[in-house]
2 protein chains.
Amino acid sequence: MLYIGIDLGGTHIAAGIVDDEGHVLAKAETATLAERPYREVVRDMASCSLEALAKSSHTLDDVAGIGIGIPGVADNKTGTVIFCTNLGWHNIPLREELQKYMNLPVLIDNDATVAGFAESVAGVSKGLHSSVFLTLGTGVGGGIVIDGKPWTGAHGVGSEIGHLTIELDGIPCTCGKDGCLERYCSATALIRMAGEVGLQHPDCAIMQKAKGDIRNITGRMVIDLAKEGDELAMKVFDRYTKYLAIAVNNITSFLDPDMVVLGGGISHAGDFLLRKIVEKIPNLLMFKTLPYPQVALARLGNEAGVIGAAMLGKLGMDYAEGGI
Amino acid sequence: MLYIGIDLGGTHIAAGIVDDEGHVLAKAETATLAERPYREVVRDMASCSLEALAKSSHTLDDVAGIGIGIPGVADNKTGTVIFCTNLGWHNIPLREELQKYMNLPVLIDNDATVAGFAESVAGVSKGLHSSVFLTLGTGVGGGIVIDGKPWTGAHGVGSEIGHLTIELDGIPCTCGKDGCLERYCSATALIRMAGEVGLQHPDCAIMQKAKGDIRNITGRMVIDLAKEGDELAMKVFDRYTKYLAIAVNNITSFLDPDMVVLGGGISHAGDFLLRKIVEKIPNLLMFKTLPYPQVALARLGNEAGVIGAAMLGKLGMDYAEGGI
C-alpha cells in the first residue's frame, strides 16, 4: 500500500506519496500562507496531496492512510491540533477537515517526532529499537522512538528535549522557563555566543563576515570560519559543542537509546560537528567501560517530514489509541 | 507460581517469597558483610532465600524464577554483575554462582529500577503503562517503566536520572561530571544546603538541633524544622523542592510518563514534600492547558526491593533478551 505524508510548516506545505519502505514516489509543495483561515490551509494540504498522487500515477484507492507532521501538539484520539504556535492554531479539527477531501485515516504528530520516526524507518537509525532525534535549528526539537514507534508520552507533552533544564536559573527561554537546553544547543544559541565574542572583538573574522553588525551573524558563518581554522570561531564552536555533548549525555543517562541522531540546520556542519561531539562523550560517561549510544547525523534532510508523516499513516489507528 | 526476590544492599541482604500479584508471603534477612569473597555473599543470598521459602511453607518446586536488585549495573544476557561499587564487585558471575544453590532462571537489575518496577506492579503506579521512579537518598536513583516493563536502555546505562546535568559547570559529582541532578535533589544535597545556612547563621534552629556542628545535620532535622514553621529551615526546603520540581519537569519534558513516583529517605516527608513539588509544577509546564504526569509518593517502602526483584523473576528470560 501507499501512504500520504504531509509536512505542515509555518511557510511551506509539502506532501508526498510514500511506499511501505519509506521511499518517496512523488512530491508536491505549496506556500502555507498561515495567516489565512485554517480551512483554506487544509484545502491546500489536500490539493497538494492529490497533486503528488497524480504525479505518482496512483489513485486514492492505493492509499491506506495519511500522516501529518505539525510544528505543535496534536491529540490523535480526536484528530485535533491542540497547539500550533507558528500557524496561530489552537484546537483545530484537522482530521475532520482534511477528511472532507480525502476520506482516509489521518494521524498527526509533532514535526520533530515525525522526522525522528522517519530516520528510524528509512534513515540512519533504520530498524533500531530505540533512538532519540534532535533538530538543531531555531530551537531544539526532540523525537523519541521506542520499540520502533514514535513516543510523545502519556499526555503528548513529552519528547520536548529542547526544554530540559540544563542550567539552573539560566538564560530565559521563550517557553517561560529559564536555562532550557535549546538556549544552549540551538542555532540561535550558536549565533548568540558568536555575537558575544563579536562584541568583545569587533575586528574578528566573524564580525568581518557579518559586516560589523552582530545581527548579520549566521550559524553557517561561524561553522565555516571554524572549519577554516579561525581561532575565535573555533572557540565559539567548542563552547557550543560542549553544551551539545552534555545534551547527548543527558539523553544517554535518561533513556540510553540505541542511537542519538542529530538533524536540523546545524547538522549540515557534518562530520566536523560529529567529531567534536563524539570526542567529548567518553569523558561524560558514568560507566566508562560500558557501551553507549552511537551518535549519528540525520540522513533524510528535508524529506524526513514527509516520510515520517506517511509512516505515521502506516502505523494507523493503533497508534492513535496509544497517543494522547 | 511464586518468585524469589533478593534485595542485595551494601549492608543487608533481604530475600522474599512473592506471588504473582506482588504480595510478599515471607521474608528473611542477613548482613551482607561486603568485604567477604563474593561466593560467601552469594551463598548467604541463597540460604536467606531458602529460609524465607521454608517460612512460607513452600518448596523450590513452587518457584518459577529469581530476581535480584543490586546497587549497580548487570548484564542479563550473561547473568553477570558488571559494576557494584558498594560491594567492590566487578564482572561477578552472580547468576551462575546462585544457580549452584537454586537451579532457576535468575534476572538481575539496578535497585532503583527494581523499586520503580515494584511500584508499577503492586504500588502507587500499579498497572500504569509508564512511570518514572526517583529514590531521594544519599544519591538520586532512577527507575523507568515503559509498557509495564523496566527500561534501563539499549546498553543498560540509562535510567541514571540522578546524573542528568541540570547546572552547566555546576557542583562536582562523585561520577566525575559537574552539575548532576543528584547534587541538587538528594538527601545529601538538602543537608549541604542546610549546612550552608548553618555556617551563615550559627545560632539558627538547624544548628541548635545539630549541636553547633554542621556534620550532625540530617535531612530529617531540616524537614522537621520546616514542618514546625522555622523560617530558615523552610527556606532551605523551598530551595531543595525548587530543584526537585525542576527534576520532575525534566522527566515530563523528556518522557512524559503517566506518573512520577518519589521514593527514598526524603519521601518520608510525605504530603509536606508532595505539596511543595506539586504547587511548583504548573509554572514549569510548556503547555499550560494540557494534562501532565501525576506526582505521587512511593507506597512500598523497604519492601519495594524484594517485590520488584521477584517481579523481574516473573518477567523471565524474555526480559533478559531485551536488556543489556
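Quick look at the numbers
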{"quantity": "Test: A:Leu225 is within 14 Å of chain B (Cβ to nearest Cβ), crowded, with 20+ Cβ neighbours inside 10 Å and either closer than 30 Å to B:Leu255 by Cβ or within 27 Å of the chain's Cα centre (by Cα) (or both)", "calculated": "no"}
{"quantity": "Residue match in the range A:53-69 (condition: of a type in the set (Gly, Ala, Ser), modelled with pLDDT under 95 and farther than 20 Å from B:Phe287 by Cα)", "calculated": "no"}
{"quantity": "Residues of the range B:165-175 satisfying the condition of being in contact with an Asp or Glu (Cβ under 7 Å, 6 or more places away or on another chain) and within 7 Å of another protein chain (Cβ to nearest Cβ)", "calculated": "B:Glu167, B:Leu168"}
{"quantity": "Checking A:Leu87 against (1) open to solvent by 30 Å² or more (accessible area, probe 1.4 Å); (2) of a type in the set (A, V, I, L, M, F, W, C); (3) modelled with pLDDT under 95, the condition it does not meet", "calculated": "(1)"}
{"quantity": "Enumeration of residues in the range A:265-283 that are surrounded by fewer than 22 Cβ atoms within 10 Å (Cβ to Cβ) and either under 27 Å from A:Thr152 (Cβ atoms) or touching a helix residue (DSSP H, G or I) at 6+ places or on another chain (Cβ under 6 Å) (or both)", "calculated": "A:Gly265, A:Ser267, A:His268, A:Phe272, A:Leu274, A:Lys276, A:Ile277, A:Lys280, A:Ile281"}
{"quantity": "Residue match in the range B:239-260 (condition: surrounded by 23 or more Cβ atoms within 10 Å (Cβ to Cβ) and at positive phi)", "calculated": "yes"}
{"quantity": "Tally, over the range B:1-58, of residues that are within 21 Å of the chain's Cα centre (by Cα), of a type in the set (Ser, Thr, Tyr) and open to solvent by 70 Å² or more (accessible area, probe 1.4 Å)", "calculated": "1"}
{"quantity": "Subset of the range B:210-222 (residues that are assigned to a helix (DSSP H, G or I), within 21 Å of B:Leu273 (Cα to Cα) and open to solvent by 40 Å² or more (accessible area, probe 1.4 Å))", "calculated": "B:Arg220"}
{"quantity": "Residue, nearest to the other protein chains (Cβ to nearest Cβ), within the range A:228-241, restricted to residues that are acidic (Asp, Glu) and outside any helix (DSSP H, G or I)", "calculated": "A:Asp230"}
{"quantity": "So A:Lys126, is it among the basic types (Lys, Arg) and within 19 Å of the chain's Cα centre (by Cα)", "calculated": "yes"}
{"quantity": "Identity of the residue in the range B:135-164, part of a loop (DSSP other than H, G, I, E, B) and among the charged types (D, E, K, R), that ends up farthest from the other protein chains (Cβ to nearest Cβ)", "calculated": "B:Asp147"}
{"quantity": "Residues located in the range A:100-122, provided they are open to solvent by 60 Å² or more (accessible area, probe 1.4 Å) and either more than 20 Å from A:Ala31 (Cα to Cα) or modelled with pLDDT under 95 (or both)", "calculated": "A:Lys100, A:Asn103"}
{"quantity": "Test: A:Leu244 is touching a residue at least 60 places away in the same chain (Cβ under 8 Å), away from every other protein chain (no Cβ under 11 Å) and assigned to a helix (DSSP H, G or I)", "calculated": "yes"}
{"quantity": "Cβ-Cβ under 8 Å pairs, at least 6 apart or on other chains, the range B:176-196 side within 14 Å of another protein chain (Cβ to nearest Cβ), far side open to solvent by 20 Å² or more (accessible area, probe 1.4 Å) and assigned to a strand (DSSP E or B)", "calculated": "B:Asp178/B:Glu167; B:Asp178/B:Pro172; B:Gly179/B:Glu167; B:Arg183/B:Glu167; B:Arg183/B:Pro172; B:Tyr184/B:Glu167"}
{"quantity": "Residue list for the range B:124-134, restricted to those being within 7 Å of chain A (Cβ to nearest Cβ) and either open to solvent by 20 Å² or more (accessible area, probe 1.4 Å) or assigned to a loop (DSSP other than H, G, I, E, B) (or both)", "calculated": "B:His129"}
{"quantity": "Of residues in the range B:50-97 being of a type in the set (S, T, N, Q) and within 14 Å of chain A (Cβ to nearest Cβ), the one farthest from B:His12 (Cα to Cα)", "calculated": "B:Thr78"}
{"quantity": "Checklist (1) in a loop (DSSP other than H, G, I, E, B); (2) touching a residue at least 12 places away in the same chain (Cβ under 8 Å); (3) surrounded by fewer than 19 Cβ atoms within 10 Å (Cβ to Cβ) applied to B:Asp169, failing item", "calculated": "(2)"}
{"quantity": "Filtered residue count, the range A:225-247, keeping only those that are closer than 25 Å to A:Gly143 by Cβ and touching a helix residue (DSSP H, G or I) at 6+ places or on another chain (Cβ under 6 Å)", "calculated": "7"}
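Each row is one residue, and each column tells you yes or no for (1) modelled with pLDDT under 95; (2) of a type in the set (Asp, Glu); (3) under 17 Å from A:Gly139 (Cα atoms).
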position	(1), (2), (3)
A:Ala187	no, no, yes
A:Arg192	no, no, yes
A:Glu196	no, yes, no
A:Ala205	no, no, no
A:Ile223	no, no, no
A:Ser253	no, no, no
A:Val261	no, no, yes
A:His268	no, no, yes
A:Phe272	no, no, no
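The values are calculated or read from the model by the stated rules, or taken from the named source; none is laboratory data. It should be emphasised that the depicted structure is a prediction, and the values quoted were computed from it without experimental measurement. Methodologically, a virtual Cβ is constructed for each residue, glycine included, from the backbone with ideal geometry; neighbour enumeration extends over all protein chains shown. With ligands, DNA and RNA removed, areas are computed over all heavy atoms of the protein, side chains included. Shrake-Rupley method; radii C 1.70, N 1.55, O 1.52, S 1.80 Å.
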